[in-house]
1. With the structure loaded, tell me whether I60 is in contact with a Phe, Trp or Tyr (Cβ under 6 Å, 6 or more places away or on another chain) and modelled with pLDDT of 95 or more or whether it fails that test.
2. Given the structure, is I93 under 14 Å from the mean Cα position of the chain (by Cα), more than 19 Å from A115 (Cβ to Cβ) and either aliphatic (A, V, I, L, M) or at pLDDT 95 or above (or both)?
3. Please work out which one of (1) surrounded by 14 or more Cβ atoms within 10 Å (Cβ to Cβ); (2) at pLDDT 95 or above is the condition Q35 fails and give its number.
4. If I go through region 76-99 residue by residue, how many of them are assigned to a loop (DSSP other than H, G, I, E, B) and hydrophobic (A, V, I, L, M, F, W, C)?
5. State whether one or more residues within region 64-71 are surrounded by fewer than 17 Cβ atoms within 10 Å (Cβ to Cβ) and out of contact with any His (no Cβ under 9 Å at 6 or more places or on another chain).
6. Does M10 qualify as being touching a residue at least 12 places away in the same chain (Cβ under 8 Å), crowded, with 16+ Cβ neighbours inside 10 Å, farther than 19 Å from R100 by Cα and in contact with a helix residue (DSSP H, G or I) (Cβ under 7 Å, 6 or more places away or on another chain)?
7. Considering only region 13-45, state which residues are in contact with a Gly (Cβ under 6 Å, 6 or more places away or on another chain) and either free of Cβ contacts under 8 Å to residues at least 12 places away in the same chain or not charged (D, E, K, R) (or both).
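The values are calculated or read from the model by the stated rules, or taken from the named source; none is laboratory data. Keep in mind it's a predicted model, so treat the numbers as computed, not measured. Cβ placement follows ideal geometry from the backbone for every residue including glycine, while neighbour counts extend to all protein chains displayed.
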Amino acid sequence: MNQHWKAVVMVIDDYAGKRNEKVQVDSPSLFQVQQAVASLNGGNRSSMCVMGIDESVLCIGGGPDLYHVSVTFADRVMVLTDNQRDQSEISFIIGAITTRLPAHLIVERKLALDAVEYYFSNGGLASTPCEWREC
């Protein structure tokens, strides 16, 4: 674990109609981020981001059972994949907007939470036992 790495801020988008009432948590713990992921409902609360001290950004959208997960670094963007899913597109809500994504870019809750835990415990790195694809 990179002992100097930490999460600086977490922002959860919470829509009331067309208005986004962002919830911000400074220096969130792993537990707080896991709870935020669990709170995503695929509707009015369907996107969140966590920024690390290294300026990497973990973004998660969707919920309550399926998620789109990415990590942006200074030099690349990595997307969590489920290669057991095919290339067909699925309508999916992120940030209260319906989006069509390839099915293999959508993962189940357990995989999303595994990625969050790895992001926290390994200093923002997105290389996990999970499958990642560089965009």
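1. yes
2. For I93, the condition - under 14 Å from the mean Cα position of the chain (by Cα), more than 19 Å from A115 (Cβ to Cβ) and either aliphatic (A, V, I, L, M) or at pLDDT 95 or above (or both) - is met.
3. The number of the failed condition is (1).
4. Selection size over region 76-99: 1.
5. Checked region 64-71: at least one residue is surrounded by fewer than 17 Cβ atoms within 10 Å (Cβ to Cβ) and out of contact with any His (no Cβ under 9 Å at 6 or more places or on another chain).
6. Answer is yes for this residue.
7. Residues satisfying the conditions are L40, N41, G42.
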